[in-house]
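Have a look at the structure below, then the notes.
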Amino acid sequence: MPVHTSGFCNGHVCAIVGTYARGASVQNAVDHVGLLVEECSIDFGHGQPVQVHEMLREGLKTNQLIVNLLGVMKDLDPAEITKLEQWTLEMLRCEHQQYHVLPASIVTRMDTTSGTITEVQFSCAGFVERCYRDAAGIRLLVDESSLPPIALQALCSVWSDRARALQSTKIRKRYGLHGPEPWPILMPGYLFHAIRHVDAHGREAGPYQPQSGDWRFAPR
């Protein structure tokens, strides 16, 4: 099973972990994602915290998090996992980090010779998607311009902790949400649909095209 939400399972370094939003109106809505710091076993029944790398509004952090979902990409070889880990550590070392929603990931390098990173801007989902794309060459999702548009009301339901802030035009602009809604936002739930897509069809099937409502991920 590529995505686990119950029972006992093992996750590799940089496996994708997520949390469900709270509230009946957002049942099965994934509100946050991150990457496992180290290989470990997860017992969903006991709500044990695991160590994750995650993008928060304060920047990239390594924290303890009680997770509700674990996405494991099949056929990842040890070399690819090492590349994912190295890329993540490189991002964490960057001094200038900013939370950004649209686009979901921006990596600025000083020059092509040194390759030194001067600034990174991510959403939580953008951080995870960019890791797999840049480090391992795995495109989990289609380009952001092809993502289904999502309205402000849905955003506020999923991200209830920042619903009040999202009502501010000034703060939305800071996150990259310019102009009228809806916006083609990379939602955390899309990544688990993408993992399931790869498991069913293989990497050769190409990136996953999210459908409207895929910000929810119902366990099977």
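Restricting attention to strands (runs of 3 or more DSSP E) lying wholly within the range 29-106, give those where 3 or more residues are in contact with a helix residue (DSSP H, G or I) (Cβ under 9 Å, 6 or more places away or on another chain) and closer than 21 Å to Val158 by Cα.
Details: elements: 30-36, 40-43, 49-56, 59-66, 69-71, 97-99.
It comes to 30-36, 49-56, 69-71.
Of all residues in the range 179-220, count the ones that are assigned to a helix (DSSP H, G or I) and surrounded by 14 or more Cβ atoms within 10 Å (Cβ to Cβ).
13
Please enumerate the residues belonging to the range 85-103 that are under 28 Å from Arg203 (Cα atoms) and more than 14 Å from the chain's Cα centre (by Cα).
Glu85, Gln86, Trp87, Leu89, Glu90, Met91, Leu92
Spot the failing condition for Ala79; the list is (1) hydrophobic (A, V, I, L, M, F, W, C); (2) modelled with pLDDT of 95 or more; (3) surrounded by 14 or more Cβ atoms within 10 Å (Cβ to Cβ), and only one is missed.
(3)
Looking only at the range 1-19, count how many residues are more than 16 Å from Lys74 (Cα to Cα) and buried (at least 22 other Cβ atoms within 10 Å of the Cβ).
Total meeting the criteria: 1.
Within the range 121-132, can one find any residue that is at pLDDT 95 or above, over 21 Å from Pro207 (Cβ atoms) and either aliphatic (A, V, I, L, M) or not in a loop (DSSP other than H, G, I, E, B) (or both)? Let's see the steps before the verdict.
Taking the range 121-132 as the starting set, the residues that turn out to be at pLDDT 95 or above are 121-132.
Now narrow it down to the ones that are over 21 Å from Pro207 (Cβ atoms): 121.
If we keep only those that are either aliphatic (A, V, I, L, M) or not in a loop (DSSP other than H, G, I, E, B) (or both) as well, we get 121.
Within the range 121-132, one or more residues are at pLDDT 95 or above, over 21 Å from Pro207 (Cβ atoms) and either aliphatic (A, V, I, L, M) or not in a loop (DSSP other than H, G, I, E, B) (or both).
Is there a residue being surrounded by fewer than 16 Cβ atoms within 10 Å (Cβ to Cβ) and in contact with a Cys (Cβ under 8 Å, 6 or more places away or on another chain) anywhere in the range 165-175? Give the steps one after another, and end with the answer.
Of the range 165-175, the ones surrounded by fewer than 16 Cβ atoms within 10 Å (Cβ to Cβ) are 165, 167-171, 173-174.
Going one step further and asking which of them are in contact with a Cys (Cβ under 8 Å, 6 or more places away or on another chain), we end up with 167.
Checked against the condition, which is being surrounded by fewer than 16 Cβ atoms within 10 Å (Cβ to Cβ) and in contact with a Cys (Cβ under 8 Å, 6 or more places away or on another chain), the range 165-175 yields at least one hit.
Could you list all residues from the range 134-154 that are of a type in the set (Gly, Ala, Ser), touching a Pro at 6+ places or on another chain (Cβ under 6 Å) and either closer than 13 Å to Pro188 by Cα or in contact (Cβ under 8 Å) with a residue 40 or more places away in the chain (or both)?
None - no residue of the range 134-154 is of a type in the set (Gly, Ala, Ser), touching a Pro at 6+ places or on another chain (Cβ under 6 Å) and either closer than 13 Å to Pro188 by Cα or in contact (Cβ under 8 Å) with a residue 40 or more places away in the chain (or both), so the list stays empty.
Quick grid of which residues meet (1) among the aliphatic types (A, V, I, L, M); (2) within 25 Å of Thr5 (Cα to Cα); (3) modelled with pLDDT of 95 or more:
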position	(1), (2), (3)
Ile138	yes, yes, yes
Leu141	yes, yes, yes
Leu166	yes, no, no
Gly179	no, no, no
Pro182	no, no, yes
Met187	yes, yes, yes
Tyr190	no, yes, yes
Asp199	no, yes, no
Arg220	no, yes, no
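The values are calculated or read from the model by the stated rules, or taken from the named source; none is laboratory data. None of the values given here were measured: they were computed from a predicted structure. Reconstructed Cβ throughout: ideal geometry from the backbone, glycine too, with neighbour counts over all protein chains shown.
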